[in-house]
1. So which helices (runs of 4 or more DSSP H) stay within the stretch 1-110 end to end and still have 2 or more residues that are modelled with pLDDT of 80 or more and under 21 Å from the mean Cα position of the chain (by Cα)?
2. Just checking, does the stretch 117-129 include any residue being of a type in the set (Val, Ile, Thr), modelled with pLDDT under 80 and assigned to a helix (DSSP H, G or I)?
3. I want to confirm something. Restricting to the stretch 111-134 and keeping residues that are within 21 Å of Asn475 (Cα to Cα) and not charged (D, E, K, R), which single residue is farthest from the chain's Cα centre (by Cα)?
4. From the list Ala271, Ala297, pick out the single residue that is in contact with a Cys (Cβ under 6 Å, 6 or more places away or on another chain) and touching a residue at least 24 places away in the same chain (Cβ under 8 Å).
5. Could you please let me know if Trp416 is outside any helix (DSSP H, G or I), modelled with pLDDT of 80 or more and surrounded by 20 or more Cβ atoms within 10 Å (Cβ to Cβ)?
6. Can you name the number of the only condition in (1) of a type outside the set (S, T, N, Q); (2) touching a residue at least 24 places away in the same chain (Cβ under 8 Å); (3) within 29 Å of Cys374 (Cβ to Cβ) that Phe205 fails?
7. Being within 26 Å of Ile523 (Cβ to Cβ) and not in a loop (DSSP other than H, G, I, E, B) is true for just one of Ala347, Ala333, Ala297. Which residue is that?
Amino acid sequence: MQLCLFLIAIFLVGFWLSLKSKKQSSDSLITANRNIPWYMAGSSMSATTLSSDTPIIVAGLVYSFGISGNWIWWIGILSLLSTAFFFSKYWYRSGIKTEVALFELRYGDSHNTRFLRKIKAIFEGGILNTVIIASLTYAFAIILSEVLSLHPFLQLTELETQLSICAIFFIVVLYTALSGLKGVIVTDIFQLIFAVGISWVALYFILENQPLSSIISEVPNEKKALFIENSAPNNESHYFWVFLIIAWVYKAPGSGPLIQRVISCKSEADAKNAILLHCVIHFFIRSLPWVLIGIVAITLTNTSLNADQVYAHVIMKALPPELINLFIFCLIAAYVSTIDSHLNWGASLITNDFYIEEKPQISKKNVYFLSVFCLSAISYLIFLLGMIDSLLFIYQLHIVIFAGLAPFAIARWFWWKVTLKSEIIGYLSSIILGIVYFAIAPKDAVYWFSLPMLLNLVSSLLILFLYKSKALEPNQTHLAFFEKIGLPLYKNCEHQFYLNKKEIFITAKNWAFAVIVFAILTIGVTALLFS
């Protein structure tokens, strides 16, 4: 009964916002009319990256590999702060509706530009997005089954559990289709509070029964190491250092639902502050309990856990019976907050960059509704067919593919010699290498994927320089682009360009200071706890 009321409340909020959105333009479904304040956008960014699989992955990494397993997400400090300080202002100034629309602004309207927009909309917003949604649903099913198996009162059969997941998924699809981005962001904030709060409550009960110092004393020394040991199998230590050096680059310019929220902010300052708020929540407030829960699982000598079961198992053992239903609500909130964002983002790409390009006379709202329902149907089918069996592997595959896109994603903002041809070739080669990685990658290695990631990055750099523009000076499209985003690297004075070193230096200095602060808050605090 309580669960039904919770789901109805989520739906009613979305439905109420959908009634308000009828008075607005169709762009409100995609950009919320570019009127989102920083605190709402930043909270929504954190909610979007907080799904049922996120605590599972973090706690599972710590349980399996100790503290050094956290580097796979710690390295994101560099990339997110790069987005905040170097790129958020350019994204906002561009005035585009979706990140894929940047290609038309950068390279002009042409057949090849439209081709690349469609390919990216279908592959990222459609194919890759449905795999991600299916993997999130797979994670939710795992953790929900684990919780229900340990529930003192509520015992559901496998069929009843599947029907519950289907009902939750259907409600998410409905309110996402009806309310658009504004509805997604508003519901995200409440779901974030629920989902983060329960981890801290569980940690309180864990530490009440056993002091932190006692827990840490039981952890083997090899699990306390901040960096992976040189003796790690499968040359993992070598791949680990490759990962640390280059992994953060691929997300530095930003992408996905995060950039959708940057574009939707009400001002340039809001765009930057939203990402900084997201960093505080993402790297410290919400993640520290997960790390400690993984450590607690290591000390449980009387049980053998799968890495994907760690988070739910420890929390269910720690919480008193009267709070277990609240934990289930929080799991649902975490799941819902990510699914709605990915459905909205994917539908926005298909609507704005694929279908409308072919038939601009079609109503955007109708295309958006259809896109949401199609994406959700395909995603759920992938989940039902059991095509997802490793959360970490999906995350690694994503990094391998997008590592090859990093040189283009960064260079297109600063170097006018980047060509559309190089972008297309680099994009297709990255997808092919990702498919090859999917076929040959060992499933038991954490950092092995750093090798194909490096190969993809190097091959893209070669493509970038081999197919650079042979022109002696930028054309009018390039000049209009750099003028619109106010790029400090380029100042036009009778076609003479120079580097505004002072502005770049100030930005780099602020970025470095922020990196140090966040490193202390996350890596430093964790290292201090286990030293």
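The values are calculated or read from the model by the stated rules, or taken from the named source; none is laboratory data. Note that the structure is a prediction, hence the values are computed from the model and not measured. With ideal geometry, Cβ positions are generated from the backbone for all residues, glycine too; neighbour counts draw on all protein chains shown.
1. By residue number, 28-31, 38-48, 53-65, 71-74, 76-82, 88-94.
2. Within the stretch 117-129, not a single residue is of a type in the set (Val, Ile, Thr), modelled with pLDDT under 80 and assigned to a helix (DSSP H, G or I).
3. Step by step, filter the stretch 111-134, then rank; the result is His111.
4. Ala271
5. Judged against the criteria, Trp416 is a match.
6. For Phe205, the exception is condition (3).
7. Exactly one of Ala347, Ala333, Ala297 is within 26 Å of Ile523 (Cβ to Cβ) and not in a loop (DSSP other than H, G, I, E, B), namely Ala297.
Condition check ((1) of a type in the set (Lys, Arg); (2) in contact with a Leu (Cβ under 8 Å, 6 or more places away or on another chain); (3) closer than 19 Å to Asp340 by Cα) across all residues:
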| residue | (1), (2), (3) |
| --- | --- |
| Ser267 | no, no, no |
| Lys272 | yes, no, no |
| Ile275 | no, yes, no |
| Pro289 | no, yes, no |
